[in-house]
Structure formats: structure tokens, C-alpha cells
Amino acid sequence: MHGKEISENIEEYLETIYKKSLMNNMAKTTEISKDLGIAPSSVTQMLKKLEEEGYVTYYQYKGVELTDKGYKIAKEIVRKHRLIETFLYNTLNLDLEDIHDQACAMEHSLSDEAERKLCQLLEYPNQCPDDHNIIPVCDLDIPSCYECSKVHKIDEIPKRLEKLTAVGNMQINQ
């Protein structure tokens, strides 16, 4: 979880912005509105609130970008979601049609330690099964997944200072 608990609503906004901005670096208000099923004016109000809290930079009539703070949280939520989808499909054999909504309900309550153990249990997957999206890399400052598996408590592993992006999520020439 995060040092300061944030609402599921904020996490959903950050997750949506993350997904929409992977290739363009900026998410449009109308795209966010459509994905979340919320009126554009309400989305604009929330984006201004998220900017005040330091999660995004909002550009009126252009869109929104995640700050480093917002990116870190969004990436963590997306990672948890996709690991849960992989678990539900590969381990529990749930139908592909059922895993997204279930993962969405579970991602907000999964602890960082449980996420790490889930990743180990699943043998460090790279992509989720439903749409083959890349599972974002973790932000633990450790040289390999094998080294991570030897550490008993997550508190013993520092966080990386730089932001990592999976190669599959990078743009051409990036």
C-alpha cells in the first residue's frame, strides 16, 4: 500500500491516466471520462484536485500527465491488477471474461508484500492473460527476481529511485 492511504476513486483515476498515457505521455479528459463512465465536467474537477495533491499536471483543453508521484502509484495499481488477473486465470482457472472485474475489486486491497509473494508464486510473469498487456516492473531496488525471492520481508528491500518502464511499453526510439 502507499504511505498515505488514498481512495480507490483516486487510484482508479491514476490507473486510467497511466493506461491512456503510456504511448502519448498525456491522457485526454474525454478518454478518461469514457473509460470511467463519468461526465467530462466531473473528470475535469477531479483532475484539478489530483493536480493540487501532486499526482498529475493538468493542461486545460489538452489533457493530463502523471507526476512522478502519480506515476509510481498508478504503476503499482496496474501491476497488482495484472498479477491478480494472471493468478485468477492461471491458478484458479477462471474464465477470461470474469477476471478483469474481479481483479479490479481486489487490486486496491492487495498489500505490497502480498503482491511480491504473488509475483513469486506465479514465477515472475511478464504479461497478463486477458489482453496480453505487459505487467509493469516492480520498483524494488534489487538486481533480480531470484534475489527478491531470498529476502524474507519486503521492508528489507529499498525502493528504486528512478522510474523503470517495461521495454514492451516503450515508444520507438525511446
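The values are calculated or read from the model by the stated rules, or taken from the named source; none is laboratory data. The shown structure was predicted, so the numbers you read here are calculated from the model rather than taken from an experiment. Glycine also receives a Cβ, built like all others from the backbone with ideal geometry; neighbour counts cover every protein chain displayed. Calculation scope for accessible area: heavy atoms of the full protein, side chains included, ligands and nucleic acids excluded. Shrake-Rupley method; radii C 1.70, N 1.55, O 1.52, S 1.80 Å.
Would you mind pulling out the separation of the Cα centroids of segment 111-134 and segment 1-75, in Å? One Cα centre to the other: 23 Å. What percentage of all Cα-Cα pairs in segment 7-63 are separated by more than 19 Å? Summing the P(r) of segment 7-63 above 19 Å gives 14 percent of all pairs.
Karplus-derived 3J(HN,Hα) values for segment 6-15, using 6.51 cos²θ - 1.76 cosθ + 1.60 with θ = phi - 60°, are 10, 6, 4, 4, 5, 4, 5, 4, 4, 4 Hz; glycine and proline are entered as x. List the GluC sites (Glu not before Pro) in segment 54-132 that DSSP assigns to loop (not H, G, I, E or B) and whose Cβ has at most 15 other Cβ atoms within 10 Å. Which are they? Taking segment 54-132 and a limit of 15 other Cβ atoms within 10 Å, the loop GluC sites (Glu not before Pro) found are GLU123. Using the 1.4 Å probe convention, the accessible area of segment 75-129 works out to 47 Å² per residue with neighbouring protein chains retained.
Rg then Dmax, both in Å and based on the Cα atoms of segment 1-117: 14.6, 44.
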